[in-house]
Amino acid sequence: MTASLPDPAGFPDCPVCAYVVTGTARLCSDCAGRTLQPVTDTHCPVCSQTVLPEKACVNRLCALPVAQRGFSRVDAVAMYSGALRNKIHKLKYEGAHGWAMIFGRLLVGWMESHPEQMTGVDHVVGNPTHADRRPIQHVEAIMDAAYNEDITRAFPLSPPGAHRLVKENETPRSANRSLDDKRAAAAAHAAALTWTRSTDDIQGATILLVDDVFTSGSQLQHVALRLRASGAADVRGLVLARVPWSG
């Protein structure tokens, strides 16, 4: 008799899962989807925020034309709540590196299950952090993991150590600051970024910009505008988690 395979442990029990090493992006994505708070069916088509039927999104950016907004749309793997919020904090602020692998699988799993959103994408790049960020460059760790989990090379991810978009110097952080300070920090962050490839590589390109969390969108807006000013034709966003509006 053939022994049955164990069930996945379920998010956030990934560290003790039988498939923590051997799991695939699709397996981990499907498993996590059972417990993560999903983006609602009635969500803003621009920023993925929950909206009531026939109501406008509360995010001021969504009313702007793309030329001012920078990005055409932002999709989210899930909402920023519960265990997902906790584990993003574990990676981002405590350096729990093992979660980078799980988050990389979740991103690749989302890309595999949303081929319509990946159509025409020329580059998948992370919204970078500075090399001196402590305890970890969490976005780079997630993007490196995503590249390693994309075993069929189905998506235009950069290999570890060869990121297309890098941050040249540290800038003020925007967490727990006023809206005006957040906007100023977002502008400074975008100004510190450099496209490492040939400028021909970005001309007319469609770029999928990946980040961990989307709150107001100010940083994504400024980075997207910077990429468009450098020649990108379209910038889309993909985040692990969308912060729910609490107003």
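Things to note:
- Report note on the peptides 114-123, 149-158: ranked by the mean count of other C-beta atoms within 10 Å, highest first, their order is 149-158, 114-123.
- For ILE142, neighbours were defined as the other residues whose beta-carbon sits under 12 Å from its Cβ, and their charges (Lys and Arg +1, Asp and Glu -1) total -2.
- The accessible-area ordering, largest first, of the residues ASP200, ASP234 stands as ASP200, ASP234, per a 1.4 angstrom probe.
- Whether segment 97-145 is rounded, prolate or oblate, judged on the alpha carbon gyration tensor where a/c under 1.5 counts as rounded: oblate
- Tilt relative to the chain, helix 82-94 - C-alpha long axis, 0 to 90 degrees, to 10: 70 degrees
- Computed extension length for THR40-SER81: 13.4 nm, one decimal, from 0.36 nm per residue of separation with the Cα-Cα distance subtracted.
- Partners for LYS92 among lysines (Cα-Cα distance below 25 Å; same-chain residues under 8 apart left out): LYS167, LYS182
- Those residues of segment 144-170 whose amide nitrogen sits under 19 Å from the label point placed on ASP132, 7 Å along Cα→Cβ: 166-170
- Per-pair calculated FRET efficiency, R0 = 41 Å: GLU54 and GLU170 via Cβ, rounded to 0.05: 0.40
- The modelled label-to-label distance between VAL66 and VAL21, using points 7 Å beyond Cα along the C-beta direction, is 4.6 nm.
- The listed peptides 160-172, 66-78, 180-192, ordered by packing as a protection proxy, come out as 66-78, 180-192, 160-172 (highest mean of other Cβ atoms within 10 Å first).
- Entry for mean projected area of the Cα convex hull in nm² (calculated from the structure that is shown) out of (1) 14.3; (2) 18.3; (3) 15.3: (1)
- Charge sum, other residues only, whose C-beta stays under 11 Å from ASP30's C-beta, Lys/Arg counted +1 and Asp/Glu -1: +2
- Sum of side-chain charges, VAL210 neighbourhood, beta-carbon under 11 Å (Lys, Arg +1; Asp, Glu -1): -3
The values are calculated or read from the model by the stated rules, or taken from the named source; none is laboratory data. Keep in mind that what you see is a predicted model, and the values were worked out from it rather than measured. Note that each Cβ is placed from the backbone with ideal geometry, even for glycine, and that neighbours are counted across all protein chains shown. Ligands, DNA and RNA are stripped out before the accessible areas are found, and what is left, the full protein with its side chains, is counted by its heavy atoms. Shrake-Rupley method; radii C 1.70, N 1.55, O 1.52, S 1.80 Å.
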